[in-house]
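Here is the structure we will look at, set down as structure tokens.
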């Protein structure tokens, strides 16, 4: 059983699908305060929250025809869009902000040989990553650099969760093999 609010929102989405610009304005008036509060809570920045709110309604405008009443109410659908857009913005912000430079391990501080070994290890890791298939490397990079879980990776790349788990496990094993091989070829540089 749908509430009057849900039925009204469904009619607005139908009008948006038909290209009625006034309907998106009415939907915005009905729900923008709630959505702005949610986005602001996630981002903690008013300017960014306003930008994301606009992005949300652009997405509603362009994807209104994808709303499925069997999966929930229109406001639940729009809240999900807002939450996802805010989290995407948060992750993009984190990806743009370079992490602070990691200090050299104590053994490398002031020791040119240890520093050279560390630099060679970093090159070996980069070479090992280059040997991975692009799809597996992309999954590992998103997991490591953006902090995505395997479930989030499955959703983002539209893959079954089992496929994500298998690709990541295979990629990590391949990395280990590559790095072990590099350690054999240059034993003084690696401690695996």
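Some notes on this structure:
- Which numbered condition residue 50 fails, given (1) more than 20 Å from residue 6 (Cα to Cα); (2) buried (at least 16 other Cβ atoms within 10 Å of the Cβ): (2)
- Pairs with Cβ under 6 Å, 6+ apart, first in segment 61-77 and free of Cβ contacts under 8 Å to residues at least 40 places away in the same chain and at negative phi, second assigned to a helix (DSSP H, G or I) and surrounded by 11 or more Cβ atoms within 10 Å (Cβ to Cβ): none
- For residue 121, the criteria (1) surrounded by 12 or more Cβ atoms within 10 Å (Cβ to Cβ); (2) at pLDDT below 70; (3) not in a helix (DSSP H, G or I) hold in every case but one, which is (3).
- Residue list for segment 1-29, restricted to those being in a helix (DSSP H, G or I) and either farther than 20 Å from residue 55 by Cβ or in contact with a strand residue (DSSP E or B) (Cβ under 9 Å, 6 or more places away or on another chain) (or both): 4, 5, 6, 7, 8, 10, 11, 14, 15, 22
- Enumeration of residues in segment 138-179 that are within 22 Å of residue 84 (Cα to Cα), in contact (Cβ under 8 Å) with a residue 40 or more places away in the chain and either part of a helix (DSSP H, G or I) or out of contact with any helix residue (DSSP H, G or I) (no Cβ under 8 Å at 6 or more places or on another chain) (or both): 145
The values are calculated or read from the model by the stated rules, or taken from the named source; none is laboratory data. All values derive from a computational prediction rather than experimental measurement. Note: ideal-geometry Cβ built from the backbone for every residue, glycine included; neighbour counts use all protein chains shown.
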